[in-house]
Amino acid sequence: MTFLKETYYQEKLVKLSINGEDIQSRVFEDCEFDNCSFGGSRFEKCRFLNCKFVECDVSNIIPMNCEFREVGFIKCKAIGIDWTKTQKIIKLSFSECLLNYSNFRLLKLPEITMVKCEAKEVDFIEADLTGGDFKNTDFDQSVFFKTNLTKVDFSRATNYSIDIKTSTVTNARFSLPEAMSLLYNFDIVIE
């Protein structure tokens, strides 16, 4: 099933399976996607405004020149997405999602939320994540280099490796013992 209408407003779309397709110039406003699969699909010049994805598979989608404004992903599989291909992102949130192998490099994502997620090998190089909420997320082998982490909450987050020599961590929150990893980039001995 492809999207036949150009605009979808306040619709609940359930159990759609649209894998590896090209979807162009569609607008989704106040819509909920529930148990849908869009794996490997290319979304071009689409707009998602105040939408929610619940238990969906959006892995490897290509969000070419798309807009995501106040979009939430809950219990979704969103692996391998190159978010740098989007045109605009405002207020993106993920809760209990798989985000492994994704790319947020150089993006300005104030107040992004990634709570209780698995975000392994994710690229945050030179991203602005000011005010983000990353509580209880696993960041194993993810890269934070020259990243703005001002006021970001890493409470109970695990496996992060943040280069605090190059990144801004002003007023960021961390929990012990994981916060000890912030010292690894210094030439010191911890006993």
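Observations, loosely collected:
- Being surrounded by fewer than 17 Cβ atoms within 10 Å (Cβ to Cβ) and modelled with pLDDT of 95 or more is a property that K120 lacks.
- No other residue among G80, G39, G72 is at pLDDT below 95, outside the structural domain of I112 (by TED's automatic domain parsing) and within 24 Å of F104 (Cα to Cα) apart from G39.
- Counted residues, the stretch 108-128 - those being within 11 Å of the chain's Cα centre (by Cα) and either under 16 Å from D163 (Cα atoms) or hydrophobic (A, V, I, L, M, F, W, C) (or both): 9
The rows are residues; the columns are (1) in contact (Cβ under 8 Å) with a residue 40 or more places away in the chain; (2) surrounded by fewer than 15 Cβ atoms within 10 Å (Cβ to Cβ); (3) over 17 Å from C66 (Cα atoms).
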| residue | (1), (2), (3) |
| --- | --- |
| T7 | no, yes, no |
| Q10 | no, yes, yes |
| V14 | no, yes, yes |
| I18 | no, no, yes |
| D22 | no, yes, no |
| R26 | no, no, no |
| C31 | no, no, no |
| F38 | no, no, no |
| F43 | no, no, no |
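The values are calculated or read from the model by the stated rules, or taken from the named source; none is laboratory data. Not measured: the values here are computed from a predicted model. For neighbour counting, all protein chains shown are included, and Cβ atoms are generated from backbone atoms with ideal geometry for every residue, glycine included.
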